[in-house]
Every structure is written in structure tokens, then in C-alpha cells.
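Below you'll find the structure, written out as C-alpha cells, and then a few comments.
The numbers here are math on the coordinates, done by the rules we state, and not lab data. A quick note: this is a predicted structure, and the numbers were derived from the prediction, not measured. Cβ coordinates were reconstructed from backbone atoms using ideal geometry, including for glycine residues, and neighbour counts include every protein chain displayed.
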Amino acid sequence: MSTAQPKAGDALAEVRRIAAGQRRKADGRVFAAKLALLCALVTAGMVLVLTGNPWCMAAGVVLCGLMYAHGVELQHEALHGIGFAGRRANTAAGILLGVPMLSSFSAYRASHMRHHRLLGTPENREFFDYGDQYGADTAGSLRRTLSWFYRFSMLGHYLSFAATCGRLALGRSLPGEKPATVRAVRWECALMAALIAVVTAASVATGSFTAVWLWAVPLLVTNPVHALIELPEHYRCETDSLDVFRNTRTIRSSKFMAWYTNGNNFHVEHHFMPSLPISQLGTLHETLQGRHHHLHQNYRQFFVSLAKGTAR
């Protein structure tokens, strides 16, 4: 009788097959609950801002900023079609979730799906422009400082949004995108640009800075927090490898951080099975034990190792 062990590729295929067989469909009630909690926390933040009390306003700005970043993580779930069961519901939720950070749902979805296909190849690109995407730049300290500022300010993302709006307003297409995607992005960009124009006009007409405190100022929190959430995903991993266990990082983390990042901490598992509902990534993580090349127990451990230059 043969005692040969299955090859690694065969074993992983079996894990994928078993996980797919046990996979539950997206539970719209869970995603709806996530959205309800997000709305409640954003509302609470806005109420604090509107009190006019400096301490309450500061707390409200921070809360709104944190929730706007959390919203983009929920948008990520929607673009994979695993938030609600229906495509239209995911699209509607995804469009609204992207408004605070001016993140076009259709552009993000198209770019992110390419990222899943092309990770490990020279053609891989991220939707959000962080500059030195994966920590390959070894230039001098000034350039590194400017690179970190570029990343945490999310300047590249907003410049890209403005450029996309301008390009589409002039009737031009988007290189590499399908006509249907271009039409959807054009509509979403027009919607967000119109919203900015209306809010700006109303603020000027009334002499009110309410919109600034409820939207613009919280982005000073949102932008670096969003960059920090997504930094560990592939940073200083072997991004020239097609092996998901080498080019991606998982952070076990706490239940709170798993909620706040919406499962983004289980990033190896997400890339291993992108269609798996977020709530099942923890179970898959246990199945994949021992295969990770980049694994941290919590976010603190990762960022301490990053500061020491030992992150891997």
C-alpha cells in the first residue's frame, strides 16, 4: 500500500474544495447590521461635532474619521459581492460607502479584481495610490519621509480622483477599462463631484463651516487610519511571488480590530479564497495553520517590528 503524502498543491486544492463546500452564502442581515452600526456611530460623531463644545467636537471628528475609514473596508466587502446576496444591493451600498473618501465603487471594484489576478506579477497595481506601495524604496531619509507623508495623507488617491473626473468630463475613456465600467465610474464621479459642489455652495451661501467639520476635517483622521489598515497587507512581503502565503500577510488580531478592519487582518485567507464571506475567514485561518510566511499576532506586533526594521 502506498504511503505517499499528497503534494502541497494537492493539499491546498483539497482545503479550497472543503472550504467551498462548507461555505455559506452571504448573509445580508449581517452586512445590514454592519451598515446600521456604521450609520449609528457616524451619527453619534456628527452630533458630538454639532454640540459646539471643543472637547465634544474633537471626539466627534475622531469618531467620524474612524468610521469613514471603516466604511471603505465595508465597501471592499460589497465589491466582492459578499455583503448582500444581490449585486444591485452590493452596488448601492458600495457607492454610498465610498462617498466620504471619494472612492468610486466601480473603479475600485475593477482595479481590485485585477489586483487579485495580478498580485505577484509586475502588472499588479493597487486602487489606492500609496506611492512606495510595498516598501521597495531604499532611498535616503528625506525621500522616505516624503514617501510616508504621501502614503498617510492619501494625496495620490485624491489627485487620481480629480484626474479621473477631469478625464471623464472631457468625454475621454479610462485605459484598460470596459465601456460598462467607464459609464459606471463616470456616473459615480459625477455624483460625488456634484455633492462637493452643492455642499461647497451651501456652505458659502450660509457662511457655515458645518460641512468642513463633518466631512473635511475628519478626513485628516480617515486618511492615515485607512493607510495604516491596508499597510500590512503586502508590505515587505515577497510581492514578486505568485504564492499567496508569501506575497500576503495575516494578522490574527483582536475581535475589535477584526471588526474594525472588517476581516482585513485575515488577508492571506482573503486572497486564498476571495469569494469566502468575511465571517468565515477566521475558520479558514485555522485550517491553513503552518503555511503562512508572514504572520503576526496583533497589529501592535507588526508595527513595532516595522519600526525596528524587522517586519517580515
TODO: Take the chain, connect every pair of alpha-carbon atoms lying under 10 Å apart with a spring to form a Gaussian network, then pick out the residue of HIS234, HIS115, HIS70 with the largest mean-square fluctuation.
DONE: HIS115
- [ ] Work out which helices of the chain, taken as complete DSSP H runs, extend at least 20 Å along their axis over the Cα atoms and score a mean Kyte-Doolittle of 1.0 or more, then list them.
- [x] 28-50, 179-206
Task: All Cα pairs of the chain, percent lying beyond 31 Å - done: 34
Task: Hull volume in cubic angstrom per residue (convex hull over the Cα atoms of the range 207-250) - done: 79
- [ ] Over all directions, average the projected area of the Cα convex hull of the range 55-158 and note it in nm².
- [x] 8.6
Open item on the list: Counting only helical runs of four or more DSSP H residues, what would the 222 nm mean residue ellipticity of the chain come to if each run contributes -39,500 (n - 2.57) and the total is spread over all its residues?
Closed with: -19500 deg cm²/dmol
Open item on the list: Going by Cα centres, the range 127-191 and the range 284-301 are how many Å apart?
Closed with: 30
Task: Computed over the range 234-312: relative contact order in percent, which uses C-alpha pairs under 8 Å that are six or more apart - done: 34
Task: Which of CYS64, CYS165 has the fewest Cβ neighbours within 10 Å, and the rest in rising order - done: CYS165, CYS64
Task: Directionally averaged shadow of the range 234-312, computed from the convex hull of its alpha-carbon atoms, nm² - done: 5.0
